[in-house]
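The values are calculated or read from the model by the stated rules, or taken from the named source; none is laboratory data. This structure is a prediction, so every number in the text was calculated from the model and none was measured. Here the Cβ positions follow ideal geometry from the backbone for every residue, glycine too, while neighbour counts run over all protein chains shown.
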Amino acid sequence: MRQTVPALAAAASLLLVAPAWAQPVDFAALFHQAEAFHESVGAARDRAVQAAEERDKVLANLLPTVTLDGSVNRRADSKTSGTAVIRTEETRTASITVDQPLYTGGRASTQLRIATIAQAAGGIGVHVSREALLFDVAQAYFAVLKAEEDLVTVRDRLDGMRQQLEAARARVRLGADVRASALRLEAEVAGLEADRAAAEQAVASTRDQLALLAGADPGMELGAPPDLAPVQALADPAAAALVHRADLRLLEGEVKAADLGVRYTTGRFLPFVNLEGTWQKQNQTPKLSFVPDQDASVTLRATWDLYNGGEDASERARARAALHERQLGYARLEREIRVQVAQALREVKTSQRRVDARANALTSAAENHRIVSETYKAGAATYLDVIDASDALGDARRNLVNARHDHSLALLSLSQATGLLLTLVGEELPALDDRERWLAR
């Protein structure tokens, strides 16, 4: 039940805000809507619930078992020997049996610890599923923003070119310019109209993809994107990743469970001690001469498998091999995480340099456009020079949009590599030993 509360709350909030989209939808709200809508998160929560129920099932093996039995035995008649009754006509019996394991060689407690780790892993699995969904939503979110910026850039260029085309046509009619300039502008306008159609299609496609992920209206107005800057302030991103990566925590749990599995197989070489208590009451008609109406007994039973064909030894060897496999996987993932973080950091730095270079290029293109326009007015430049300067300015703007988008994706990848994705929606990451907070997600 605890696992379903966040999803129900998110779904309830969705019903309140989804139909109208009167206000811009920020990234956090969109993610929580996607979380309530997406099947992968719901399936992960179901698996976490199953793991919790499995632990309760294992815990039951440590607790006493109480059994109530009742029976009625009826015969055609009774038998006597002299004055003694040796067979009753009817016997009603009721008994209560309490069965309690006293010692299992550590197997029962080990099973409980393994189930507890599996329960925690279920909570971490929900975290992993939410991170994967958040990354997909963020990519789609930034894709929409980029497509819309591209469309604005193309529309601005198209409007400017159309104005220049009208002016060029007027000059051609007045004989003040050659027709080549007008023809060049007509070609530019036609190309930009095609670019606008492609940009509009890109906006529609990216919005459809985002709506598919979030179960939202494609026409919703998007708010501000998530702030990706804090991840750049990490003093040691690799160390942060080794602390916060949920997939590493899952493997850590598997290593612990495998180690406990070795202990469990060792316990199979030890005896099993069980205590059983029984209370019984009989109602006999007629009453047997030498059988009491009530009886109580306590049985202490010890079972020790001395030889089972080497099965226990084989199980222990298999468990040790499984432990070694998990340890190797954990070490490999640690190395992979360090490489992933290093690669993400390099991409962030490279993309930032590209943004700076594209920004400088835009500044230069804007200044060049201004100078060429003034030179043209002074009669020292041709109109084709103005067209070329306008093209260069438009290309510089588009290149800057692309560079900023690439930088945002690089920061997003760094957040994923360091395990800090959920901080983008204002969530605090739970401490590693705080199992209850993992399970609450």
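Before we move on, is residue 213 buried (at least 19 other Cβ atoms within 10 Å of the Cβ), touching a residue at least 12 places away in the same chain (Cβ under 8 Å), within 27 Å of residue 395 (Cβ to Cβ) and of a type outside the set (Val, Ile, Thr)? No, not satisfied. Of all the residues in the range 325-358, those that are of a type in the set (Val, Ile, Thr), under 22 Å from the mean Cα position of the chain (by Cα) and surrounded by 16 or more Cβ atoms within 10 Å (Cβ to Cβ) number 2. If only residues of the range 360-386 that are surrounded by 12 or more Cβ atoms within 10 Å (Cβ to Cβ) and at pLDDT below 85 are counted, the one that is nearest to residue 158 (Cα to Cα) is 386.
So, residue 287, is that one in a loop (DSSP other than H, G, I, E, B) and over 30 Å from the mean Cα position of the chain (by Cα) or not?
yes
Considering only residues in the range 219-238 that are among the small types (Gly, Ala, Ser) and in a helix (DSSP H, G or I), the one that is surrounded by the most Cβ atoms within 10 Å (Cβ to Cβ) turns out to be 238. One residue stands out in the range 112-139 among those that are in contact with a Ser or Thr (Cβ under 9 Å, 6 or more places away or on another chain) and either surrounded by fewer than 21 Cβ atoms within 10 Å (Cβ to Cβ) or without any contact (Cβ under 8 Å) to a residue 12 or more places away in the chain (or both): the one that is nearest to residue 224 (Cα to Cα), namely 135.
Being out of contact with any Pro (no Cβ under 7 Å at 6 or more places or on another chain), outside any helix (DSSP H, G or I) and at pLDDT below 90, is that true of even one residue in the range 387-394? Looking through the range 387-394, none of the residues is out of contact with any Pro (no Cβ under 7 Å at 6 or more places or on another chain), outside any helix (DSSP H, G or I) and at pLDDT below 90. The residue that is surrounded by the fewest Cβ atoms within 10 Å (Cβ to Cβ), among those in the range 92-111 that are among the hydrophobic types (A, V, I, L, M, F, W, C) and more than 33 Å from the chain's Cα centre (by Cα), is 102.
In the condition set (1) in contact (Cβ under 8 Å) with a residue 60 or more places away in the chain; (2) in contact with an Asp or Glu (Cβ under 6 Å, 6 or more places away or on another chain); (3) of a type in the set (S, T, N, Q), residue 278 is compliant with all but (2). Of everything in the range 300-314 that is modelled with pLDDT of 85 or more and either among the polar types (S, T, N, Q) or touching a Leu at 6+ places or on another chain (Cβ under 6 Å) (or both), the residue that is farthest from residue 274 (Cα to Cα) is 314.
Taking the listed residues 51, 28, the one that is modelled with pLDDT of 90 or more, part of a helix (DSSP H, G or I) and touching a helix residue (DSSP H, G or I) at 6+ places or on another chain (Cβ under 7 Å) is 51, with no other qualifying. Scoring residue 262 on the criteria (1) touching a residue at least 24 places away in the same chain (Cβ under 8 Å); (2) among the β-branched types (Val, Ile, Thr); (3) surrounded by fewer than 17 Cβ atoms within 10 Å (Cβ to Cβ) leaves a single failure, condition (3).
Restricting to the range 32-48, what's the tally of residues that are at pLDDT below 90 and either farther than 30 Å from residue 218 by Cβ or among the aromatic types (Phe, Trp, Tyr) (or both)? Total satisfying the criteria: 1.
When you scan the range 266-275, do you find a residue that is more than 22 Å from residue 96 (Cα to Cα) and in a helix (DSSP H, G or I), even just one? Taking every residue of the range 266-275 in turn, at least one turns out to be more than 22 Å from residue 96 (Cα to Cα) and in a helix (DSSP H, G or I). Kindly indicate the residue of the range 169-194 that is charged (D, E, K, R) and at pLDDT below 90 and also surrounded by the most Cβ atoms within 10 Å (Cβ to Cβ) among those meeting that condition. Selected residue: 188. Set side by side, the residues 94, 143, 108 differ, and just one is among the small types (Gly, Ala, Ser), under 30 Å from residue 55 (Cα atoms) and at pLDDT 85 or above, which is 108.
With respect to (1) assigned to a strand (DSSP E or B); (2) surrounded by 13 or more Cβ atoms within 10 Å (Cβ to Cβ); (3) at pLDDT 90 or above; (4) hydrophobic (A, V, I, L, M, F, W, C), the lone exception for residue 85 is condition (3). Count of the range 198-208 residues, restricted to those that are surrounded by fewer than 16 Cβ atoms within 10 Å (Cβ to Cβ) and either part of a loop (DSSP other than H, G, I, E, B) or in contact (Cβ under 8 Å) with a residue 60 or more places away in the chain (or both), is 0.
Take the conditions farther than 30 Å from residue 92 by Cβ, in contact with a helix residue (DSSP H, G or I) (Cβ under 6 Å, 6 or more places away or on another chain), in a helix (DSSP H, G or I) and aliphatic (A, V, I, L, M) and apply them to residue 243. Does it pass? No; evaluated as a whole, the condition is false for this residue.
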